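Step one of this worksheet: look at the structure below.
The values are calculated or read from the model by the stated rules, or taken from the named source; none is laboratory data. Note that the structure is predicted; figures quoted are calculated from it, not measured. Here Cβ is always computed from backbone atoms with ideal geometry, including for glycine, and neighbour counts include all displayed protein chains. The protein model used for the area step is the full one, side chains on, heavy atoms only, and it has no ligands, DNA or RNA in it. Shrake-Rupley method; radii C 1.70, N 1.55, O 1.52, S 1.80 Å.
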Amino acid sequence: MTPAALAWLRLPAAADPAQLLPAREQMAFTLGFHIILVPFGVALTTFMLVAHHRGLRRGDTDALLLARRWSKVAAVLFAVGAITGTVLSFELGVLWPRLMGRYGAAVGFPFAIEGLFFFTEAIFVAIYIYGWDRMRPWAHFWSGVPVSLASVGGAAAVIAANSWMNQPGGVTVRGGTVVDVRPAQVFFNGAFWLEFLHMLLAAYIVAGFFVAGVYAVGMLRGRRTPYHRRGFLIGFVAAACVLPFQMIVGDTIARHVFAQEPAKFAAVELVPATGSHVPETLGGVLLDGTVRYGLPVPDLASVLAGFSPSTTIQGLNAIPADVRPTDREASIVHLAFDVMVGASLLLVLLALWFLWVWWRRRDTLTTDRWFLRAASTGGILALACLESGWVTTEVGRQPWIVVGLLLTRDAVTTRGDLWFLLGAVVLVYLAVAAGALGVLRSMKSRWELHGDQSVEVPYGPERRGEPEAGRRVP
Amino acid sequence: MPDVVAVFLFIGIVAYALLGGADFGAGFWDLLAGGARRGREPRRLVDASLAPVWEANHTWLIYCLVILWSGFPPAFAALTTTLYIPLMLAALGIVLRGAGFAFRKASLRTPQQRVYGAAFALSSVLTPYCFGAIAGALVSGRVPVQGDGDPVGSWINPTGVLGGVLAVLVCAYLAATYLTVEAHRRDGGRLYPYFRVRSIAAGLATGVVSLAGIFVLRADAPRLFHNLGHRALPLVVLATAGGLLGLALLLGRRVRGLRVVAAGSVALIVCGWGVSQYPYVLGTHLTLTEAAAPDATLRVLVAVACLAAVVIVPSVVLLFRLAGRGSIGEPPPGDTP
């Protein structure tokens, strides 16, 4: 390896507390895990209501069965999301005590609002799950609506806290402590609306393509029933309809970041030095302050930022050296951004392919193996977009935890061996993930073998019929 | 204003102790229910009573955490930098417990149910112990204002152990009384004697440990001891009376009012702690006012708490009624597969 590559891989600066890297890795891992569950809370519950509504309005039994099963999947995922969300709130205190101690008055209260939404969601999830066959049909449908709405509200509150860290406002700081807070300005900070909209649309895209992918796999395995077709269409059409709006929002955000968070933009576009006629680099990394191994498209970054090749983009060299992101951090941000854009372009192609199949040869929708194969990857692609988008915004803020106010290394705890904790957390989360997948798979196989009533779910009532709990099922 | 927020925080703590505590206690009895065959009946009752309200009960913890970190940020930071070990153990317990409970419910095979059930039950003891130990560290003044206190000695000490053991026992007592009433109502009361005996045992154990605790507190947390004997004395007396009344009801095989009496005495004890601790948030060295966030934040918290009362309480009541009395209605006859 070249010395430059070695320098790129080096561990953090000696001045950083030993806890900084494991704390960041742990936060990234647990947040990255939790965020997978968000789209299902927000969007799968919406799809469930869409199917439920259709089932009631048109007497469509397939749609009703979909709603019933999706509600059970949503319950399992909600249980996992509730657990991982609780862990995150512990981590905010244990890993980042100085963030909460100094700025808890500002960054903390959106979580109180989130708690309110979460409460509502937890209660109505239970009511809705309980309500199957026990409540009057339309009253039951309406008991599911608060689940979906509350999950949107909860996501908004968490995004308010996160976007405040990107563009803090509404606080008066004196002598390192917050002496005044203007709550409305904290919550609806400069980055809030775009970030929230971006995440909301992402939730529909991820959950939609995921759901469609599940039924695409089913159809590839020969289960080409109207039930599978209906499940596929609800997910795919929702995701594909949201996709164009997400492109517009994403493009707007890029220019917003260019104007409001120049340091992040410099990392995203991998711009070492301030200048005009900045090329858009596809791939590539920053080594010793120069861009390597990338494919530059001349002037494109300048054009995208300001609609003209002469637009000046602030480079990483304009950031004071002590708060400049490292080459490695800038490269991670840039590559994550490229993955996000690249994967979303593949999703657009997939949506266009669907449109062509739908208009020209609709009867082959459930039999076109190449299309179904492509569609079954949509969920993974969308998830890659979601994760890499979060890496872009979170790593892109470094070395700040609250831009301009608090450095990440000053916020981290200085006690304990966090590598051990990180290892334990990874093991436990892997076990939880394996458990959740195992439960979902066993639910699926029981649905196929024994019909819908054979599955018990968290929050749900006791099953009345046989087989009794604890009995071995072949 | 800080006092108002502190009151709301304490309402959350009481609610979590009563509702979350009963859940943890149910896990405790699940743990002691014996092998798969012998323990099947009690475990089914635990499952059936917990299932609908389980998540809602645990959101009280989140409520307490957010009020603490938004309302009293320096106290929260001092707490987390000192007590990170019991906090992470409690979090581990919450993960295993939640996952175990949810997955056990959804899995059919006995070996799988055993693994998930064990995770659920073991962590039901671990988590309340840790929370009790954290409370012990707080009241005995072992969390310094600047944080970074002794990571081990702060919670492994006489008051910490007392807090932990008492928390586990109180949870077990609450759960056993709730389950006694539940068992009386369901299945022709077959499990009623089972849980009645356990309620009495747990109630007696709680009483004995509380008596021993008097001496521990006198030696280890003198200020709390003093205030419990003066300012909070009416609450302590009422709680003791409630405990005795609960035992009397159990011995006299009465079910009516049992839950209210048991929950009431636990709530009174928790309130007694709060009254004795006032006006300090940490030991005797950081007052609520000193630790409080700016007023604007506190007003938001009060608004959220009031909104919670308006929105949440009716829906919780609805859910408890639906789940408790089965008033959503019995399933129609053709409901079996």
How much accessible surface area, in Å² rounded to 10, belongs to the heavy atoms of residue A:140 with a 1.4 Å probe? 10
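Give, rounded to the nearest 20 debye, the magnitude of the charge dipole that segment B:1-80 has about its Cα centre when Lys and Arg contribute +1 at Cβ and Asp and Glu contribute -1 at Cβ.
Working: 5 positive and 6 negative charges, 83 e Å.
It works out to roughly 400 debye.
What value in Å³ per residue do you get for the convex hull of the alpha-carbon atoms in segment B:2-323? Provide the component values of the computation, followed by the final result.
On the way: hull volume 40.0 nm³, N = 322.
Dividing the Cα hull volume of segment B:2-323 by its residue count gives 124 Å³.
Just the C-alpha atoms of segment A:1-157: what Rg/Rh do they give, with Rh taken as the Kirkwood radius?
Result: Rg/Rh = 1.16.
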Sort all Cα-Cα distances of chain A into consecutive 10 angstrom bins from zero, then give the percent of pairs in each bin up to the one containing the longest distance. 4, 18, 27, 25, 16, 8, 2, 0
If R₀ is 22 angstrom, what is the calculated FRET efficiency for the pair residue B:185 and residue B:38, using the beta carbon separation as r and rounding to 0.05? 0.45
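In the neighborhood of residue B:121, defined by Cβ-to-Cβ distances under 11 Å, what is the net charge if each Lys or Arg adds +1 and each Asp or Glu adds -1?
Working: positive: B:43, B:97, B:104, B:114; negative: B:30.
Net local charge, residue B:121 excluded: +3.
Sorted by accessible area with a 1.4 angstrom probe, largest first, how do A:72, A:444 fall?
Numbers: A:72 20, A:444 85 Å².
Ranked list, largest accessible area first: A:444, A:72.
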Would you please give the residues with an amide H less than 5 Å from that of residue A:400, counting only those at least 5 places away or on a separate chain, with H modeled from the backbone geometry? A:408
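Take the alpha carbon atoms of segment A:114-236, find their radius of gyration, then divide it by 2.2 N^0.38 Å using N residues; give the quotient. Present the calculation step by step, with values, prior to reporting the outcome.
Values: Rg = 20.2 Å, N = 123, 2.2 N^0.38 = 13.7 Å.
For segment A:114-236, the normalised Cα radius of gyration comes out at 1.48.
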A:71, B:49, reordered so the largest accessible area comes first (probe 1.4 Å): B:49, A:71
Å³ per residue of the Cα convex hull, for segment B:96-239? 142
Scattering profile of the protein assembly as shown from the Debye formula, Cα beads only, expressed as log10 I(q)/I(0) at q = 0.05, 0.06 Å⁻¹, is -0.28, -0.40
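Rounded to two decimals, what is the ratio between the C-alpha radius of gyration of segment B:1-145 and 2.2 N^0.38 Å? It would help to have the intermediate numbers written out before the result.
Numbers: Rg = 16.8 Å, N = 145, 2.2 N^0.38 = 14.6 Å.
For segment B:1-145, the normalised Cα radius of gyration is 1.15.
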If you build the Cα gyration tensor of segment A:97-164 and take the root of 5 times each eigenvalue, what three semi-axes come out, in whole angstrom, biggest first? 33, 10, 6
Size of charge dipole - the protein assembly as shown - debye, nearest 20, with Cβ of Lys, Arg +1 and Asp, Glu -1, no other charges: 3060
Quick one: helix A:20-39 against the long Cα principal axis of chain A, what's the angle to the nearest 10°, folded into 0 to 90? 30
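Taking the Cα centre of chain A as origin, work out the dipole magnitude from +1 charges on Lys and Arg Cβ and -1 charges on Asp and Glu Cβ, in debye rounded to 20.
Numbers: 39 positive and 32 negative charges, 335 e Å.
For chain A, the charge dipole is close to 1620 debye.
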The ratio Rg/Rh over the Cα atoms of segment A:194-235, Rh being the Kirkwood inverse mean 1/r radius, stands at 1.18
Kirkwood Rh and Cα Rg combined as Rg/Rh, segment B:187-246: 1.17
Putting +1 on Lys and Arg Cβ atoms and -1 on Asp and Glu Cβ atoms, find which of A:32, A:105, A:47 reaches farthest to the positive end of the dipole of segment A:23-125. A:47
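Output needed for segment A:218-309: three equivalent-ellipsoid semi-axes, defined as square roots of 5 times the C-alpha gyration tensor eigenvalues, in descending order, whole Å. Intermediate values should be presented prior to the final figure.
Details: eigenvalues 321, 59, 23 Å².
Rounded to whole Å, the semi-axes are 40, 17, 11.
Over segment B:2-323, what is the mean sequence separation of C-alpha contacts under 8 Å (at least six apart), divided by residue count, expressed as relative contact order in percent? Mind dumping the intermediate values first?
Details: 464 pairs, mean separation 77.1, N = 322.
Relative contact order, segment B:2-323: 24 percent.
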Rounded to whole Hz, the Karplus (6.51, -1.76, 1.60) HN-Hα couplings of segment A:247-254, x for glycine and proline: 4, 5, 4, x, 5, 5, 5, 4
Which of B:197, B:314, B:226, positive extreme of dipole for segment B:2-323 (C-beta unit charges): B:197
Between helix B:295-325 and chain B, what is the angle of the helix's C-alpha long axis to the longest principal axis, kept within 0 to 90° and rounded to the nearest 10? 20
Accessible area in the full protein assembly, largest first, 1.4 Å probe, for B:63, B:129: B:129, B:63
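To the nearest whole number, what is the average tally of beta carbon atoms from other chains within 10 Å of the beta carbons of peptide A:77-84? Mind showing how you got there, number by number?
Values: counts 1, 2, 9, 5, 0, 8, 11, 3.
Going residue by residue through A:77-84 and averaging, the value is 5.
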Can you tell which of A:93, A:181, B:137 lies farthest toward the positive end of the dipole of the protein assembly as shown, using +1 and -1 charges on the Cβ of basic and acidic side chains (Lys, Arg; Asp, Glu)? B:137
Each label sits 7 Å from Cα toward the beta-carbon; between residue B:156 and residue B:233 the label points are separated, in nm, by 3.9
